[in-house]
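S.K.: Take a look at the following structure, please.
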Protein chains: 4
Amino acid sequence: MPTTTTFSGVIPPVVTPLTADGELDRASFERLITSQLDAGVHGLFVLGSSGEVAYLDDARRSQVMEAAVEITAGRVPVMAGVIDISTRRVEDQVRRAADAGVDAVVATAPLYIRTNDDEIERHFRGVAAASDLPLFAYDVPVCVHSKLDLGMLVRLGSEGVIAGVKDSSGDDVGFRRLVAANRAAGSPLRLFTGHEVVVDGMLLLGADGVVPGLGNVDPAGYVRLWDAAQAGDWAAARDEQDRLAALFEIVFQPRGYSGGASGLGAFKTSLQLLGVIGSNVMTTPAPALEGEVVDQIKVILAEAGLL
Amino acid sequence: MPTTTTFSGVIPPVVTPLTADGELDRASFERLITSQLDAGVHGLFVLGSSGEVAYLDDARRSQVMEAAVEITAGRVPVMAGVIDISTRRVEDQVRRAADAGVDAVVATAPLYIRTNDDEIERHFRGVAAASDLPLFAYDVPVCVHSKLDLGMLVRLGSEGVIAGVKDSSGDDVGFRRLVAANRAAGSPLRLFTGHEVVVDGMLLLGADGVVPGLGNVDPAGYVRLWDAAQAGDWAAARDEQDRLAALFEIVFQPRGYSGGASGLGAFKTSLQLLGVIGSNVMTTPAPALEGEVVDQIKVILAEAGLL
Amino acid sequence: MPTTTTFSGVIPPVVTPLTADGELDRASFERLITSQLDAGVHGLFVLGSSGEVAYLDDARRSQVMEAAVEITAGRVPVMAGVIDISTRRVEDQVRRAADAGVDAVVATAPLYIRTNDDEIERHFRGVAAASDLPLFAYDVPVCVHSKLDLGMLVRLGSEGVIAGVKDSSGDDVGFRRLVAANRAAGSPLRLFTGHEVVVDGMLLLGADGVVPGLGNVDPAGYVRLWDAAQAGDWAAARDEQDRLAALFEIVFQPRGYSGGASGLGAFKTSLQLLGVIGSNVMTTPAPALEGEVVDQIKVILAEAGLL
Amino acid sequence: MPTTTTFSGVIPPVVTPLTADGELDRASFERLITSQLDAGVHGLFVLGSSGEVAYLDDARRSQVMEAAVEITAGRVPVMAGVIDISTRRVEDQVRRAADAGVDAVVATAPLYIRTNDDEIERHFRGVAAASDLPLFAYDVPVCVHSKLDLGMLVRLGSEGVIAGVKDSSGDDVGFRRLVAANRAAGSPLRLFTGHEVVVDGMLLLGADGVVPGLGNVDPAGYVRLWDAAQAGDWAAARDEQDRLAALFEIVFQPRGYSGGASGLGAFKTSLQLLGVIGSNVMTTPAPALEGEVVDQIKVILAEAGLL
């Protein structure tokens, strides 16, 4: 079983390839994971936002986790999102994840409920107690509509309740404060940035890893960025990040699609164009990208040297 | 099976009484439902926000629905909330509700996902297709973080996809526009207000029913308000509403509790003080109200003539 | 000078008619105010949101106030908005309003600044001290991005700091609570609703007056609604409100315009179509409505019996 | 007169020292500006958010600009905030700034008004036309409640309407995209970050300058950070930034103060403790920090080596 320190580096939130009728496309999933491992990623995160976790029913969630564990075969740790509305329901998801054999779970604060800091802390304590798996707190206010408190995160880390944080809050002040507070507490937490385009800056200030949705499309680029940062070659890290930031423009091409369908759709469409997965279909109610936007994405992939 | 027009009048969103260890307190639930029916309510809505739907796991959700159906025994229609993150997951909830024998289901737009109007419409079409039960759209932006589009609601009503709307949006302009647009379309929708304290005004402008959380505590008051409105005695309706609005101050007494725990906690605490349910315990992570606030609630219940 | 109780009934927030080059169109303004007075309104509110206060410079603001005072000639009280960023700046506006001879001023909480309840209370105390004019607090979160605290309003009323509240918050629960708390305190405050389409319900629950932007277009309709409510004929009030709500659809016709330009533009365009003002031009950066939307508004005016 | 390229490097948003009765404390202002120039800053920004622009009346705003121009005596460029509600009013502010002799002006999108992208663009065109001074667009959604559009900014830059952008949006993805789009357009814009604690990362990705409120307290630190970045010594830049981030904890010490009073109050209190300004008093309604929090700030200043 991985130790906490195992969790670092580039850990892409893997998309879930689907067949035309909405079933897991196992062959595509294997190609995708293999391409990630060949590129040198340090871990995999299934059932994240990029993995369509919010859209999938329980049966498909289990299929995804089981397939990922089997395909990865222990070469890197596999983390899994356990996204549900509230404590009791997330606990159920944790038990399903443990059954599937993943190495760690990633949970948000409660959804839907008008909650507060005390309840969020009690929530994470409950979720952590539901299994022996390391628990990462996922801070994504754009989806959850609350922000995780800095003091709570460090406290839960110091007590061994959570093993780390995936920060997709877009609050860079908060992230630097979290890095400093974690360091002052003896670094109990592994701190990941969930963003794609200021990863150089986040690694410069002390992030332990990165979970970029765009890493589905160009895992080798993020591994080069990580390696440059590890070597202290910040100019090289910046240049690689600039290239990846230009590639990230794929998510801004869709017009008239929802935020979810645009981002996730751009990743899936790119992977289809690159021949990694068989289809860019998504789970209802999200439509697959089609028409002109596919050509626009193709141009960007070519400019980034991927096509 | 109820016709669509069956759904009108006072339909309280019934709380879920729990034992100290978080199990459904069946005896309390029976007393609660019986007190509602004795007061003359016209329907029951289980697994709404007041029913702790967001906190309960699937097993307990089914227990609640089955118990409500059994206790009610067809005397009034039983509606059930089918709250989950997205289409496929809500469809599963709908099937569970149908298995439990309820008379209608109530669903929100997707949670967590950054969605748009097209996806929300596709979502409701998917959910409706999962069973033969009448489907009500639940508009509660404070929890879901999106607002249901007026044009979509009337369109889905006219096509028979949804049977009605439970409006907890607090947008009274929007609600009056919805009432007018529905009337212009031949009134395919049953329109309920989910609010507690301007029910007189909402009935005056044409609401078909009311789903007040406070109706747990004083169902007879809302029935009197409804009857006065039906009789066109708006001064009497207003006076009853003023009394109920004073009673509603129970939800503003808690200090340091979350919004969810304050409102729901005030209802459960009142029901315990009135001897209807055995305990005010709630599902983790929400704490039960305790201490001084219980005394403050007791005073308000007494002033309202309930204690 | 008006007493506080003078302020009640229908008090339209008068638009500011402009010439093509952005100057006050004095002749149009006189026709507009005269049409309001002929319709029986009980007061006038200049330099409200509908009066383009946010767009006008200080010189034009003074012209508007002076013209309104002169044209009205004491027949009804004239209230004026004193909208600016913070206390010292609003105090300057109050002094200019006093110089212009208006009967009361209407101020919001500070703009732009990240403030809190204590600062907002201190702000209103400072603004009130800047003149002897009655001060009304204007609660309009959609513009100010903060909500006025209920307890503060009643406290400031009881101490004679503010004379009333213009509530454009859209929070009907909050408004009913404010009405109840004011009554319990001996009714020191005059409470106006700033909304257009649930005025029947707001009068039913105890509002002292209404400040409807739509009252520019159909003042006689709001006077009829007010009179019906005063007579306790709520069915008549509701029917008149239904008619006015249908008329209010003018503000939802513009496509591709900002929220500000849509609402205000619909009022000005209607008044131009009705021959009351000479032009629907607005202050930069808001564009005047033009093209197809003008025809759509014309149809609605005709359906409402105004054209 | 400065050329556009003059505007780069460290440009602190200078606080406005006040006497106990709210007048500009000219002697303190001179000490403050002199300390900034001695530390090697590359420009000064008066009447920014840190300069209490939102609180000051027009007379005091003019005094601040005139004093800054006189004290600086051309050694570095002086930029001035021209914050007001809408176009016509901001144009007035621009003319006052030009009269005072500043070198550039900084304006936001309209406040209070429900506006849109077209109106915001027209607004900046109007403001730019009011003088010959270079105009910088100030993007601060936490105060203005709208976000400036990337395409508009580059378009206005390419046409010479605006000279640059002060980005206090906290949207690091947006800022990197803006840097890339500006570069692709031939770099017409000078791009400043308004943040304090990820300046190393923002310089790494290509910011032209930094406008840190904390630069009031430790201008030499930001100059060292800037110099390290210019030299490509990113490890040194990061270490200096870490030190400054620890110092920035002063703004998180106040409890029970507003966001505005906390941040600005911490800067003024620090400057008073450091003997640079005579008092930490602020303009009503913001209270000066007092009591325990002053001691907490003193400790942090000492830990940062400033006391």
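S.K.: Can you find, among B:L47, B:V179, B:V102, the residue sitting farthest towards the positive end of the charge dipole of chain B, where Lys and Arg contribute +1 and Asp and Glu -1 at Cβ?
M.R.: B:V179
S.K.: Continuing with this model, one more query. Counting only Cα, what are the radius of gyration and maximum Cα-Cα distance Dmax of the range D:1-105, in Å?
M.R.: In Å, with Rg to one decimal and Dmax whole: 12.9, 40.
S.K.: Principal axes first, then extents: for the Cα atoms of the range A:91-155, list largest minus smallest coordinate on each axis, whole Å, largest first.
M.R.: 31, 24, 16
S.K.: Next up: Quick one: length gained pulling D:D58 to D:S187 fully straight, 0.36 nm per residue minus the C-alpha distance?
M.R.: Length gained, D:D58 through D:S187: 43.0 nm.
S.K.: Now a separate question. Expressed as a rounded percentage, what relative contact order does chain C have, with Cα pairs under 8 Å and six or more residues apart?
M.R.: In percent, rounded to a whole number, it is 19.
S.K.: OK, next. Using the Cα centre as the reference, give the magnitude of the dipole from point charges on the C-beta atoms of chain B (Lys, Arg: +1; Asp, Glu: -1; all else neutral), rounded to the nearest 20 debye.
M.R.: The dipole magnitude comes to about 440 debye.
S.K.: Show me, for the range C:116-121, the HN-Hα J-couplings you get by feeding each phi into the Karplus relation (A = 6.51, B = -1.76, C = 1.60, θ = phi - 60°), rounded to Hz, glycine and proline as x.
M.R.: For the range C:116-121, the Karplus curve yields 8, 4, 4, 5, 5, 5 Hz.
S.K.: Suppose every Lys and Arg Cβ carries +1 and every Asp and Glu Cβ carries -1, with no other charges. What dipole size does the range A:198-307 come out with about its Cα centre, to the nearest 20 debye?
M.R.: Dipole size: approximately 300 debye.
S.K.: Could you identify which residue out of B:H195, B:H42, B:H145 has the top mean-square fluctuation in a GNM of chain B using Cα springs shorter than 10 Å?
M.R.: Its mean-square fluctuation being the largest, the pick is B:H145.
S.K.: Taking θ as phi - 60°, what are the ³J(HN,Hα) couplings along the range D:169-184 by the Karplus curve (6.51, -1.76, 1.60), each to the nearest whole Hz, with x for Gly and Pro?
M.R.: 7, x, 9, 6, 4, x, 5, 5, 5, 5, 4, 5, 5, 5, 4, 5
S.K.: Turning to a different aspect of this structure: Rounded to the nearest 5, what % of DSSP beta bridges with both residues in chain C are antiparallel?
M.R.: Looking only at bridges with both residues in chain C, the antiparallel portion is about 5 percent.
S.K.: I would also like to ask the following. Any idea what the relative contact order of the range B:124-169 is, in percent, if you count C-alpha pairs under 8 Å spaced at least 6 apart?
M.R.: Values: 49 pairs, mean separation 23.2, N = 46.
Relative contact order for the range B:124-169 comes out at 50 percent.
S.K.: In straight Cα distance, which lysines are under 20 Å from D:K268, not counting same-chain residues fewer than 8 positions off?
M.R.: Answer for D:K268, where 20 Å is the Cα cut-off: D:K298, listed by chain and number.
S.K.: So how far apart, in nm, are the two label points at B:D132 and D:L274 if each is 7 Å from Cα heading toward Cβ?
M.R.: With each label point 7 Å from Cα toward Cβ, the separation is 7.7 nm.
S.K.: Now for a separate question. Using 1/(1 + (r/R0)^6) with R0 = 60 angstrom and r between the beta carbons of D:A231 and B:E292, what's the FRET efficiency to the nearest 0.05?
M.R.: 0.45
S.K.: While we're on this one: Given C:Q63, C:G291, C:G9, which one lies farthest toward the positive end of the charge dipole of chain C, if we put +1 on the Cβ of every Lys and Arg and -1 on the Cβ of every Asp and Glu?
M.R.: Value computed over the given set: C:G9.
S.K.: Whole Å is fine, so just give me how far the alpha carbon centre of the range A:75-93 lies from that of the range D:201-247.
M.R.: Using only Cα atoms, the two centres lie 39 Å from each other.
S.K.: Another one. Give the Rg/Rh ratio for the protein assembly as shown, taking Rg as the radius of gyration of the Cα atoms and Rh as the Kirkwood radius, to two decimals. Provide the component values of the computation, followed by the final result.
M.R.: On the way: Rg = 30.8 Å, Rh = 32.2 Å.
Value, to two decimals: 0.96.
S.K.: As a test, work out the antiparallel percent of DSSP beta bridges whose residues both lie in the protein assembly as shown, rounded to the nearest 5.
M.R.: 5
S.K.: Once the piece of chain linking A:V142 and A:E159 is laid out straight, how much longer is it, given 0.36 nm per residue of separation minus the C-alpha distance between them?
M.R.: 3.3 nm
S.K.: Can you tell me the Rg and Dmax of chain D, counting just the alpha carbons, in angstroms?
M.R.: Rg and Dmax of chain D, Cα atoms, are 18.1, 52 Å.
S.K.: Run the helix sum for the protein assembly as shown: -39,500 (n - 2.57) per DSSP H stretch of 4+ residues, divided by residue count, reported at 222 nm to the nearest 500 deg cm²/dmol.
M.R.: -14000 deg cm²/dmol
S.K.: OK, next. Once amide H atoms are placed 1.01 Å from N in the peptide plane, what residues at a sequence separation of 5 or more from B:F45, or on another chain, have their amide H within under 5 Å of its amide H?
M.R.: When sequence neighbours closer than 5 places are left aside, the close amide H contacts are B:V14, B:M79.
S.K.: Right, something else. Once phi is turned into ³J(HN,Hα) by the Karplus curve 6.51 cos²θ - 1.76 cosθ + 1.60 with θ = phi - 60°, what whole-Hz value does each residue of the range C:155-165 show in order, with x for glycine and proline?
M.R.: Once rounded to whole Hz, the list reads 4, 5, x, 4, 8, x, 6, 10, 9, x, 9.
S.K.: Counting alpha carbon pairs within less than 8 Å and at least 6 residues apart, what relative contact order, in whole percent, applies to the range D:153-292?
M.R.: 16
S.K.: Separate question: Which residue fluctuates most in the GNM of chain D (Cα springs below 10 Å): D:A100, D:A73, D:A237?
M.R.: Maximum among the listed residues: D:A73.
S.K.: By the gyration tensor of its Cα atoms, with a ≥ b ≥ c the square roots of the eigenvalues, what is the shape of the range A:135-208: rounded for a/c under 1.5, prolate for a/b over b/c, or oblate?
M.R.: Values: a/c = 1.79, a/b = 1.17, b/c = 1.52.
It comes out oblate by the Cα gyration axes.
S.K.: Then there is this: Taking +1 at the Cβ of each Lys and Arg and -1 at the Cβ of each Asp and Glu, which of C:L150, C:Y138, C:A220 sits farthest along the dipole of the range C:123-235 towards its positive end, judged by Cα position relative to the Cα centre?
M.R.: With unit charges placed on the Cβ atoms, the residue in question is C:L150.
S.K.: Taking just the C-alpha trace of the range B:64-212, give me its Rg and Dmax in Å.
M.R.: My reading of the Cα-based Rg and Dmax gives 14.8, 41 Å.
S.K.: Based only on Cα atoms, what mean projected area does the convex hull of the range D:195-237 have, in nm²?
M.R.: 2.6
S.K.: Related question: Which one, B:N280, B:N182, B:N116, has the greatest fluctuation when you compute a Gaussian network model over chain B with C-alpha springs under 10 angstrom?
M.R.: B:N116
S.K.: Might you report the magnitude of the Cβ-based charge dipole of the range A:1-53 about its Cα centre, with Lys and Arg at +1 and Asp and Glu at -1, to the nearest 20 debye? Kindly include the intermediate steps, with their values, before the conclusion.
M.R.: Values: 2 positive and 6 negative charges, 45 e Å.
That gives the range A:1-53 a dipole magnitude of about 220 debye.
Each value in this text was obtained by applying a stated rule to the coordinates, not by laboratory testing. Note that the coordinates shown come from a computational prediction; the quantities given were computed from them, not determined experimentally. Cβ: placed from backbone, ideal geometry, glycine included. Neighbour counts: every protein chain shown.
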